[in-house]
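Laboratory data are not the source of any read-out in this text; all were calculated from the coordinates shown. As the structure is a prediction and not an experimental result, all values here were calculated from the model. Every residue, glycine as well, gets a Cβ built from its backbone with ideal geometry; the counts of neighbours run over all protein chains shown.
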């Protein structure tokens, strides 16, 4: 399954497990079973199609939620409410969004990953690749920095590049620690307290001459004002020593059961795929389209409605590109090529749409450009997965340099493309 999350490809979903079984059966086929090959091939295609519909429908629903949350946070921290961030400063508009999404990526994709996967692979994929991947946006961050470079504000642009990468990674690490600490706290609250058996104490007191081992000694309550002083060492009441270290508090519980061992029947798989597709096609998409068409009270609301309707194609393309993140061969197999391509393509698309926005004044054109920017390009690119991959690459003690190479390649590629597409026309045509 792709994803860091969702793009890490560390876990197999139920359909992939069944495909492996079908391939294993065909590996040991005998001549008498050759007639069954077309049936097995048809079965494999059925599993692939149904799982793809199911996965795409879940990603579509999660991406709509992520885009709506992103727009809400942008309005909250932007000029409409708090006025903390803006497009003309190093604190660009999408900075709080990227920090919040990276924080929850650390909680869900690292600290609580095993717990969520035991319940549902689809839920984990929807939360990480779908919602959090669409909540954060690399293309918006890249375009804000490009605009600062084009306008000649180089100091703010360089500072924006620095904090635009550093703060999401820091937020991810804080999210990991918070999630593990919360898991430890909940486990302590739900853990039953040990009780001392009164019958065992009575039995021990009735047979004082019987020798006791260290594990059989029970606690005896001392009288008020009494102490252990003057008693024999073997008769002293010693409190048990509890050793707790910070590393122990954050340890993950051992895996006691396999992840999602159950198999899904054809009817169940068909019902799940049909229900998820019907919910998106029959409810979410029509609602977003109607809002974008008839909500004339605010242009901003119409942009948000349109962005919600257009978000699914972006997350679908990112999901397909994430399959290139894991490659068995090649000198750069450690490089997350899929995420890199998704961010660069989205940055190029965002730059092209920005040129249209500064050169065309029509309301309908601006509405569609903004909707595609926020929806398709925002969902196609991701900072939360980008930060998670930086964190994972940095964990290799012998290859720490890989994380820095990944950062430099991503920034140089996206900025170069954006400056060529957006910067050159603005400099030549003198667009405002």
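Could you tell me how far the Cα centroid of the range 413-432 sits from the Cα centroid of the range 389-408, in Å?
Cα centroid of the range 389-408 versus Cα centroid of the range 413-432: 30 Å apart.
Sort 332-343, 52-63, 394-405 by the packing proxy (mean of other Cβ within 10 Å over each peptide's residues), most packed first.
Result, highest mean Cβ count within 10 Å first: 52-63, 332-343, 394-405.
Classify the range 346-432 as rounded, prolate or oblate, taking a ≥ b ≥ c as the square roots of the eigenvalues of its Cα gyration tensor: rounded when a/c is under 1.5, otherwise prolate if a/b is larger than b/c and oblate if not.
Oblate.
Using the Cα gyration tensor of the range 273-345, with a ≥ b ≥ c the square roots of its eigenvalues, what is the shape: rounded (a/c below 1.5), prolate (a/b larger than b/c) or oblate (neither)?
Oblate, since a/c reaches 1.5 and b/c is not below a/b.
Hey, can you rank 76-85, 126-135, 93-102, 352-361 by average C-beta count inside 10 Å, highest first?
126-135, 93-102, 352-361, 76-85
Can you give me the P(r) profile for the range 281-410? Cα pairs, bins 5 angstrom wide beginning at 0, each as a whole percent.
With 5 Å bins starting at 0, P(r) equals 2, 10, 16, 18, 15, 12, 10, 7, 6, 3, 1, 0.
Once the principal axes of the Cα atoms of the range 74-194 are found, what is the range along each, listed largest first in whole angstroms?
Principal-axis extents of the range 74-194 (Cα, largest first): 66, 29, 26 Å.
May I ask for the distance between the Cα centers of the range 156-171 and the range 45-100, given as a whole number of Å?
19 Å
Sort the range 110-154 into rounded, prolate or oblate with this rule: let a ≥ b ≥ c be the square roots of the eigenvalues of the Cα gyration tensor; rounded if a/c is under 1.5, and if a/c is not under 1.5, prolate when a/b is larger than b/c, oblate otherwise.
prolate
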